[in-house]
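We did not get these values from a lab; they are worked out from the coordinates using the rules stated. As the structure is a computational prediction, the values presented were derived from the model and not from experiment. FYI the Cβ positions are ideal-geometry reconstructions off the backbone, even for glycines, and counts take in every protein chain you see.
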Amino acid sequence: MEVIMEIVETYLKHKGTKRVYLDTITSPEKGAMIFNQMFGDNSQECLGVICLDTKGRPTHYSTIYKGTTNHIVISPKDILKVALLSNATSVILGHNHPSTDLTPSPHDIETTRNIRKACATVDINLIDHLIINSKGEHYSIREHYSKEFSEN
């Protein structure tokens, strides 16, 4: 039996560029600056990923999801796709809370845990998961829930 197989290429689609005035991301504040520029004042929850090279320099950014005013459904697969295609060695996640309340939900913590584990399976380090709001404030899940970032 003969089967016809499609030949495909998998790649990131270039949608533009954004000038970022920092060479490495060494703190939650620096990551939050990028997320605030990209979707900080959006009235819907958005989730983005910053992909970093081996020296911690941002190389790629993607807003992966847009949700409702208070909910977003996230799959580690879509985050890993961007990270792998950009050849990232580490990533920083960020999402906004349109309500301006930076308190992470139990779902935010569980999602962080699941994404960290998924990243680890392909040798990508999840550096942090930041929550931002339209006031320019941020919350680092790593700083408050460091156990979610440990190997255990």
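Observations
- Computed from Cα atoms, the angle from the helix 106-120 axis to the main principal axis of the chain rounds to 40 degrees.
- Each residue of the range 38-44 was assigned a 3J(HN,Hα) from its phi angle through the Karplus expression (A = 6.51, B = -1.76, C = 1.60, θ = phi - 60°), giving 7, 7, x, 9, 5, 7, 10 Hz with x at Gly and Pro.
- R0 of 22 Å, Cβ-Cβ distance Gln44-Ser75: FRET efficiency to nearest 0.05: 0.80
- Cβ-based net charge around Ser62, under 13 Å, with every Lys or Arg adding one and every Asp or Glu removing one: +4
- Amide H contacts under 5 Å for Ser134: Thr100, restricted to partners 5 or more places along the chain or on a different chain, H placed in the peptide plane at 1.01 Å from N.
- Whole-Hz ³J(HN,Hα) from phi, Karplus 6.51 cos²θ - 1.76 cosθ + 1.60, for the range 6-11, glycine and proline x: 6, 9, 10, 10, 10, 7
- Distant-in-sequence amide H partners of Leu12 (H built 1.01 Å from N, under 5 Å): none
- Proximity of backbone amide H atoms, modeled 1.01 Å from N, is registered between Glu45 and Gly67, Thr68, Thr69, Asn70, His71 at under 5 Å, excluding neighbours fewer than 5 places apart on the same chain.
- Inter-part distance where the range 31-64 and the range 1-21 are each reduced to a Cα centre, Å: 20 Å
- Bridgeable lysines around Lys81 (alpha carbons under 26 Å apart, same-chain partners fewer than 8 residues away excluded): Lys13, Lys15, Lys18, Lys30, Lys55, Lys66, Lys117, Lys147.
- In degrees, nearest ten, helix 76-85 long axis to first principal axis of the chain (Cα): 70 degrees
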